[in-house]
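What follows is a set of notes on a single structure, which appears directly below.
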Number of protein chains: 2
Amino acid sequence: MSETRWLSDDEQRMWRRYRDMNQLLELAMDRQLQRDASMSQSDYSVLVSLSEAESGGLRARDLGAALGWDRSRVSHQVRRMEGRGLVAKNECPDDGRGTIVSLTEAGAQAIASVAPKHVEKVRELFIDVLSEDEVRILTDIYERVVARIDEVDGITLPG
Amino acid sequence: MSETRWLSDDEQRMWRRYRDMNQLLELAMDRQLQRDASMSQSDYSVLVSLSEAESGGLRARDLGAALGWDRSRVSHQVRRMEGRGLVAKNECPDDGRGTIVSLTEAGAQAIASVAPKHVEKVRELFIDVLSEDEVRILTDIYERVVARIDEVDGITLPG
């Protein structure tokens, strides 16, 4: 193996700050959801995905693909949310295979109530700290990294 | 509550790309560690923290603080790594309270062997995509967001 190209001090610092920011932002967003809606980020992600689906429902496998989760994580999460009345499961009408996960009325109300506060928190902690130029620069960088990961490792997100 | 300041299209796009990139980078780094060392990112983080500690060991509580993990996660993770011979637990010599977690010889070898490949992967997927200017811009943005989260929500990382 060729000699390791270790990170320079500046690169190391950027990488650490990136990870610090991720960790702190996760924690802050978790707390907001817990405080305002007794909800986890996993709950929130499922509700957002379902509320953006055209019919308010998705096949379990498509929900998993959208969230990057494996089947057992989807099944576990959906079972818990079903128990709390936020989602419902039905057999897929098209072909009898698989399960459709849908928003219930309570799930729709929950996401409608918490989403504005969640967005406010994203804005307060992250977006408001950025200039318009920086928003563009970040988008551009993130798109390049996403493309790079696809190119090098063949890993992509659906949609 | 005042009217929600929803995100603009540009802001929304940046926020989604940021989350996409995080998810893909996590996945890619996971795969690298699994492939090259049959190791999880949690294993890797523990080994890095211990190898950076002056004596090659840390109190369990300090390890948890460094990683942002609660006591039960630290204890679970350390137990599994002890079972694989990567770390050892000893009573704290100073005051008889708490447990010191230390690198074993095998743990030190494991981290020495995988770290260069892990760093190469960070470089390949993220750092190499950036100009020097962009590294500086990102560091600056991340530091502002970290400061903001402390200011608004009082959430900080140790160290």
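Taking the numbered list (1) open to solvent by 40 Å² or more (accessible area, probe 1.4 Å); (2) under 25 Å from A:ARG35 (Cβ atoms) in turn, A:VAL78 passes all entries but (1). Filtering the range A:44-75 to residues that are of a type in the set (Gly, Ala, Ser) and open to solvent by 70 Å² or more (accessible area, probe 1.4 Å) leaves A:SER55, A:SER72.
Select from the range B:1-24 the residues that are over 27 Å from the mean Cα position of the chain (by Cα) and of a type in the set (Ser, Thr, Tyr) and write down the one among them that is nearest to the other protein chains (Cβ to nearest Cβ). Among those residues, the one meeting the criterion is B:THR4. Tell me the residue from A:LEU157, A:LEU86 that is under 29 Å from B:GLU26 (Cα atoms), open to solvent by less than 70 Å² (accessible area, probe 1.4 Å) and in contact with a Gly (Cβ under 6 Å, 6 or more places away or on another chain), please. From the options A:LEU157, A:LEU86, the qualifying one is A:LEU86. Among the residues of the range B:120-152, those identified as within 25 Å of A:ARG31 (Cβ to Cβ) and either touching a His at 6+ places or on another chain (Cβ under 9 Å) or more than 7 Å from chain A (Cβ to nearest Cβ) (or both) are B:ALA147, B:ASP150, B:GLU151.
The set of residues in the range A:130-152 that are buried (at least 17 other Cβ atoms within 10 Å of the Cβ) and either over 16 Å from B:SER131 (Cβ atoms) or of a type outside the set (Asp, Glu) (or both) comprises A:LEU130, A:VAL135, A:ILE137, A:LEU138, A:THR139, A:ILE141, A:TYR142, A:VAL145, A:VAL146, A:ARG148, A:ILE149.
Of the residues in the range B:1-35, how many are free of Cβ contacts under 8 Å to residues at least 12 places away in the same chain and over 21 Å from A:SER45 (Cα atoms)?
Of the residues in the range B:1-35, 7 are free of Cβ contacts under 8 Å to residues at least 12 places away in the same chain and over 21 Å from A:SER45 (Cα atoms).
The set of residues in the range A:94-129 that are open to solvent by 30 Å² or more (accessible area, probe 1.4 Å) and aliphatic (A, V, I, L, M) comprises A:ILE100, A:LEU103, A:ALA106, A:ALA108, A:ALA112. Of everything in the range A:25-43, what is within 16 Å of the chain's Cα centre (by Cα) and either away from every other protein chain (no Cβ under 14 Å) or open to solvent by less than 30 Å² (accessible area, probe 1.4 Å) (or both)? Give them in sequence order. Within the range A:25-43, A:LEU25, A:ALA28, A:MET29, A:GLN32, A:LEU33, A:MET39, A:SER40, A:GLN41, A:SER42, A:ASP43 meet the criteria. Screening A:ARG148, A:ARG73, A:ARG59, A:ARG144 for residues that are more than 30 Å from B:ASP140 (Cβ to Cβ) and out of contact with any strand residue (DSSP E or B) (no Cβ under 7 Å at 6 or more places or on another chain) leaves exactly one candidate, A:ARG73. Each residue in the range B:40-70 was checked for being at pLDDT below 90 and not aliphatic (A, V, I, L, M), and 6 of them qualify.
The values are calculated or read from the model by the stated rules, or taken from the named source; none is laboratory data. Remember, it's a predicted structure, so these values are computed and weren't measured experimentally. Cβ coordinates were reconstructed from backbone atoms using ideal geometry, including for glycine residues, and neighbour counts include every protein chain displayed. The area values use the complete protein model at the heavy-atom level, side chains included, leaving out ligands, DNA and RNA. Shrake-Rupley method; radii C 1.70, N 1.55, O 1.52, S 1.80 Å.
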